[in-house]
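Just below is one structure, and these are the notes that go with it.
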Number of protein chains: 4
Amino acid sequence: MKYLRQSALMLFSTVFLVSCFNNKDRIKGGISNQNETPTKGKKYWPNGAQLVISVSMQFETGGQPEGAESPFSSTPLPAGQPDLPAESWYRYGGNEGIYRMLDLWKKYNIKVTSHIVGTAAEKYPEVAKAIANEGHEVAAHGFTWDNQWNKSYADELYFVKEGVDVVQKITGKRAVGYNSNWLRRSPNTLKVLQELGFLYHIDDVSHDEPFITKVQGKNFMVIPYTIRNNDIVNIEGKHWSPDQFLTQLKFEFDRLYEEGASKRRMMSISFHDRIGGAPAMIHAMEEFIKYTQKKQGVVFMRKDDIAKMVMNDPNTPVDNSEEKYNK
Amino acid sequence: MKYLRQSALMLFSTVFLVSCFNNKDRIKGGISNQNETPTKGKKYWPNGAQLVISVSMQFETGGQPEGAESPFSSTPLPAGQPDLPAESWYRYGGNEGIYRMLDLWKKYNIKVTSHIVGTAAEKYPEVAKAIANEGHEVAAHGFTWDNQWNKSYADELYFVKEGVDVVQKITGKRAVGYNSNWLRRSPNTLKVLQELGFLYHIDDVSHDEPFITKVQGKNFMVIPYTIRNNDIVNIEGKHWSPDQFLTQLKFEFDRLYEEGASKRRMMSISFHDRIGGAPAMIHAMEEFIKYTQKKQGVVFMRKDDIAKMVMNDPNTPVDNSEEKYNK
Amino acid sequence: MKYLRQSALMLFSTVFLVSCFNNKDRIKGGISNQNETPTKGKKYWPNGAQLVISVSMQFETGGQPEGAESPFSSTPLPAGQPDLPAESWYRYGGNEGIYRMLDLWKKYNIKVTSHIVGTAAEKYPEVAKAIANEGHEVAAHGFTWDNQWNKSYADELYFVKEGVDVVQKITGKRAVGYNSNWLRRSPNTLKVLQELGFLYHIDDVSHDEPFITKVQGKNFMVIPYTIRNNDIVNIEGKHWSPDQFLTQLKFEFDRLYEEGASKRRMMSISFHDRIGGAPAMIHAMEEFIKYTQKKQGVVFMRKDDIAKMVMNDPNTPVDNSEEKYNK
Amino acid sequence: MKYLRQSALMLFSTVFLVSCFNNKDRIKGGISNQNETPTKGKKYWPNGAQLVISVSMQFETGGQPEGAESPFSSTPLPAGQPDLPAESWYRYGGNEGIYRMLDLWKKYNIKVTSHIVGTAAEKYPEVAKAIANEGHEVAAHGFTWDNQWNKSYADELYFVKEGVDVVQKITGKRAVGYNSNWLRRSPNTLKVLQELGFLYHIDDVSHDEPFITKVQGKNFMVIPYTIRNNDIVNIEGKHWSPDQFLTQLKFEFDRLYEEGASKRRMMSISFHDRIGGAPAMIHAMEEFIKYTQKKQGVVFMRKDDIAKMVMNDPNTPVDNSEEKYNK
């Protein structure tokens, strides 16, 4: 109930902001509106956007296990032997990465969703607080950096709840959105999230727009995540250079924006503290943000705001592909 | 016999369309004809094209086995454990990928060849129907997503026939072209296809033009497929970014188009539902289509139309490199 | 003795040709001479070039063993099971690749060195003859596609000699230059080559210019090969796109050309039948050739001509790093 | 004590040079000062720079063990079998790579830090001397190319000291900075370095500026190294082409330079003899240097000069994340 009221309020603010934006010549981030061709006709998002973009900013540093994936982990050291350069690589996320991202979001007045690992917030409480204080969404990402798909219902519930509680204690914000480690939820995850009062999860890449899925008969929102515009997948996994990442964003944007004239479209982007927070990646992201500003009707939004905006909208599609698990 | 008549008819339509195109200023897709330098002199394709381009649109989603290749499969889960994000990645092909491609082909009036896995059509009959209804070629790609090279003659025949029958029941179209899983046919495959009345297969990359090969003494067409312009090979396998894919297409086009002035040349492109159907890849493909429109004499064709156009042409080369298997 | 006389003759022709080039406005390939700034002052190559570029064109198709590296070989089939698409991928080199390269070299009047596997020439004699008839260097690359580093002296001698003899029988040309499989010669290879009357080998990447090494007290030429400008290393191994290959060539050229004003510099490029012979790679190579034509004093040469030009030149450096093997 | 005096002297020279630069129109390397917008306001580096760039030039050739990483090492030969092309690939670093880099640094008046493996200097003393004679920093990189993380305190001390002594004997310079093999120091490394009189180490990538860490209660400098702008990581490891490397440098520079207006920022670059010393990479680096010259307040510095400049500066941050090892 509390969530619903917050939701209505936030939806209102979003719409309000959008209308404000429409009265300015050019705004930083949010929505850009000085354009060659104004968007006309039917709108597919309740807030009138032609394209909604949502950034996930993962904060995980300090929560990683020994030997966690890093540029050093392909030739692992024996168990118990500290991999000092790898550990220093991780610390970069807390020292530099998140703060660099926060600076960028602030410059363009963008609010993002931050998936925070419980033990990362414990290790770097000032970073977690900075995220919350800047108005970004505090979302959950597990108590520790650990597999979730292999836990029992009770263990998974404890694991998720503990992470939410820890982060709430530090930031004052209670998460309503969830991201599993490597997107790999268990068959029980949505039921666990529902029991804990979550509004949505992101670990699904089957659509380019949010959708509803039934969990034990009730609506649960899915705000699709991305592996296409994902720094860990492309930069660390595929070994792309930051200019390739930038071009990927532009190509995807160009297409989704065009499609946004005839259907509801959302673009998802993922940046991790120690990867997306590097200087060249932030340069790429800034170039991308500027690129989107040339178009009208582009809105960057937190995922909780998106969930609240469409969860009761009759035009939001329903997809029960995982019905057998969610009964 | 039925095929031959259809073939004559379709060949006629193609030639007719080409002549029509020649009377318009600029056409979308098909063949572009407003150009700096008109093509003169000898033609190497019966329809007068300087370059024939053929797109394969694989529809496989829903047919994949547990643990099938995905961005998640390099760290596989234990057998029996559902890999939920991987499954959602596959569903994208049926939810978004094929429809996005169909929109693009329609916009440029291009007809493609769709290799459809039998169980994919069973799982997403509306997608299979949409492909057929838009006038694209319904071609075969096995009953399920499974190895074909290790089957006995009888098993292989059943596997191919079952796939064709299933898709025909749903779409009303009977396949005459074949694509094996990962191109890996068995030594019997061409005999199996001949027995089932197929006109051609594509699992050969030895030429840049169609050719005839003798199967049990009779002509069988080979319409070469590609691994050079193949989304699964380059995007998932080689980890290219979509702009690299676009440049590859342009470089290949530039050379083959030039060669098309002095010999018969065909360019083959492959897009899979969940990979080529992503927004950035469709943007790349659209940029490529526009690029080809600057040249005269470029025709996008279905592979069955290509087979029918050249199967009885005396200028079509014969290559019996696999004679020992096809006797 | 015969070689030395040929050598003197060829050196003469090369110098003669270069002087001729200097009298024309612009020539195709060879050497370009219409330029902003004419090269002045000291020359470091006997023929007055500022940069010598040498292309290796490997012809190996038909010589490959079962399961040889291909886009399919990472998931090998059981021994004895033919990998039909992989075999068709190899045939492309003989059907299309070499001929496409020959067309390009002819268009720009470039002579290259072709390293020919004995069994490839046996399988495609018309291809081997076409290479020789166009004036390209017929160089040796082993009797079959096989490891050379693990052979006894006698076996290695037989292996090299058999390859030379087979190719000579078909093309009428006797090789004087050698390239081992994957550059991996044995400690005996240079002694074997010397015994067989070879002038040079290429399996060394330690310098950007030719050098002399002592083999059993006598001079032996090393004309350095490349893994930096090598299609198999970059396209198949590193998964570059052809535009990356083109940019690599331009960057390397820019630097070596500049250095060529103050020292002797050579640039080596490697193209294999089935890889460099693909349309997009030939497009890249043609763009590169055009790029080099904007500079004065660039000469494309066969490696035997280079060896003969510098083998008796006092300015040719000597490097005996492998002395312990070559005593 | 000797170090401190040297330090004061060098700091003075640096500041002096910077002021001199400010009086010239355009200087090669060092600091560029002819610019659109002069830097105003608060400075964050003692020498007034807006961004300090430091290049590491690793000289390792000749020190590598059998089977060391190379383009050939993924398919290793049996132990004892010499991998001749791999060895020639390494020799390139001593024959061409370092000299090519020295030419570039000289052209732009840049001083770099050279991490020299002891046995490399023994094998190529003239290369080690050339580095020292050009005014570059002679820094330590171990006695041989060997793991350091698994050595006892005594063995590690011997290993580091022996490397420093050997190089000092050849070059006349005693190292005060350290780089471990693959950055993988042991928990004892900083204590070992302190005992041997070192000023700083580089094997930490947790900050974009130098920092102080306490080692047994005393200050020890960390001048962060890089894996983002590292030729071995990106070119050999990630298979980037040199143009990708160049774009990475530009993107990183753009962001760090901008940040340099409001905080102290340092950019680290790493080039290895046989990789960064290749022609295309030097072309990329030269393009990057020219790119930085368009901005004011950019200084290329040796790492010892950086350490000395900030080690006693009250604005230099302290980070004791590894306190448990350094007590």
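A few remarks follow.
- Any hit, segment A:174-194, residues being among the hydrophobic types (A, V, I, L, M, F, W, C) and in contact with a Leu (Cβ under 6 Å, 6 or more places away or on another chain): yes
- For residue C:197, the stated conditions do not hold, so it cannot be described as away from chain D (no Cβ under 13 Å), farther than 24 Å from residue C:249 by Cα and open to solvent by less than 10 Å² (accessible area, probe 1.4 Å).
- The set of residues in segment C:276-288 that are crowded, with 21+ Cβ neighbours inside 10 Å, touching a residue at least 60 places away in the same chain (Cβ under 8 Å) and either touching a Ser or Thr at 6+ places or on another chain (Cβ under 9 Å) or not in a loop (DSSP other than H, G, I, E, B) (or both) comprises C:276, C:279, C:282, C:285.
- Scanning segment C:86-108 for residues that are charged (D, E, K, R) and either open to solvent by less than 10 Å² (accessible area, probe 1.4 Å) or over 12 Å from residue B:208 (Cα atoms) (or both) yields C:87, C:100, C:103, C:106, C:107.
- Hey, residue D:98 in a helix (DSSP H, G or I) and in contact with a Pro (Cβ under 6 Å, 6 or more places away or on another chain) or not: no
- Residue within segment B:247-265 that is more than 14 Å from chain C (Cβ to nearest Cβ), buried (at least 22 other Cβ atoms within 10 Å of the Cβ) and in contact with a Leu (Cβ under 6 Å, 6 or more places away or on another chain) present: no
- Scanning segment C:10-26 for any residue that is in contact with a Lys or Arg (Cβ under 7 Å, 6 or more places away or on another chain), open to solvent by 40 Å² or more (accessible area, probe 1.4 Å) and either modelled with pLDDT under 50 or closer than 23 Å to residue B:319 by Cβ (or both) turns up at least one such residue.
- Test: residue in segment B:256-273 that is aromatic (Phe, Trp, Tyr) and in a loop (DSSP other than H, G, I, E, B): no
- Identity of the residue in segment D:203-244, open to solvent by less than 30 Å² (accessible area, probe 1.4 Å) and more than 27 Å from residue D:284 (Cβ to Cβ), that ends up nearest to the chain's Cα centre (by Cα): D:222
- Within segment B:306-327, considering residues that are part of a helix (DSSP H, G or I) and either at pLDDT below 95 or surrounded by fewer than 22 Cβ atoms within 10 Å (Cβ to Cβ) (or both), the one nearest to the other protein chains (Cβ to nearest Cβ): B:325
- Of the residues C:66, C:122, C:60, C:126, the single one that is open to solvent by 20 Å² or more (accessible area, probe 1.4 Å) and either under 20 Å from the mean Cα position of the chain (by Cα) or at pLDDT below 95 (or both) is C:66.
- The single condition among (1) within 10 Å of chain D (Cβ to nearest Cβ); (2) within 15 Å of residue A:302 (Cα to Cα) that residue A:72 does not meet is (2).
- Top-ranked residue in segment A:226-236 [being touching a Pro at 6+ places or on another chain (Cβ under 9 Å) and either at the interface with chain B (Cβ under 8 Å from one of its Cβ atoms) or of a type in the set (A, V, I, L, M, F, W, C) (or both); ranked as farthest from residue A:176 (Cα to Cα)]: A:235
- Test: residue in segment C:289-301 that is within 14 Å of chain B (Cβ to nearest Cβ), closer than 27 Å to residue C:127 by Cβ and crowded, with 17+ Cβ neighbours inside 10 Å: yes
- Taken over segment B:173-188, residues that are assigned to a helix (DSSP H, G or I) and crowded, with 24+ Cβ neighbours inside 10 Å amount to 1.
- Qualifying residue in segment A:156-172 (condition: part of a loop (DSSP other than H, G, I, E, B) and over 20 Å from residue B:82 (Cα atoms)): yes
- Breaking point among (1) under 30 Å from residue B:188 (Cα atoms); (2) within 14 Å of chain B (Cβ to nearest Cβ), for residue C:104: (1)
- The single condition among (1) facing another protein chain (nearest Cβ under 8 Å); (2) in contact with a helix residue (DSSP H, G or I) (Cβ under 7 Å, 6 or more places away or on another chain); (3) among the aliphatic types (A, V, I, L, M) that residue A:221 does not meet is (1).
- Condition met for residue A:273 (modelled with pLDDT of 95 or more, under 25 Å from residue B:232 (Cα atoms) and in contact with a Ser or Thr (Cβ under 6 Å, 6 or more places away or on another chain)): no
- Those residues of segment D:189-248 which are touching a strand residue (DSSP E or B) at 6+ places or on another chain (Cβ under 6 Å), part of a helix (DSSP H, G or I) and within 19 Å of residue D:112 (Cα to Cα), in sequence order: D:231, D:232
- Between D:78, D:82, the distinction of being at pLDDT 95 or above, under 30 Å from residue C:230 (Cβ atoms), open to solvent by 30 Å² or more (accessible area, probe 1.4 Å) and in a loop (DSSP other than H, G, I, E, B) belongs to D:78 only.
- Among the residues of segment C:104-117, those that are under 17 Å from the mean Cα position of the chain (by Cα) and part of a helix (DSSP H, G or I) comprise C:104, C:105, C:106.
- Looking across segment D:100-117, the residues that are in contact (Cβ under 8 Å) with a residue 60 or more places away in the chain and closer than 10 Å to residue D:179 by Cβ come down to D:113, D:115.
- Annotation: residue B:156 fulfils all but one of (1) within 14 Å of chain C (Cβ to nearest Cβ); (2) open to solvent by 50 Å² or more (accessible area, probe 1.4 Å); (3) acidic (Asp, Glu); the unmet one is (2).
The values are calculated or read from the model by the stated rules, or taken from the named source; none is laboratory data. Keep in mind the model is a prediction, meaning the values are calculated, not measured. As a convention, Cβ positions derive from the backbone with ideal geometry for all residues, glycine included, and neighbour counts pool all protein chains shown. Surface areas here come from the heavy atoms of the whole protein model, side chains and all, with no ligands, DNA or RNA. Shrake-Rupley method; radii C 1.70, N 1.55, O 1.52, S 1.80 Å.
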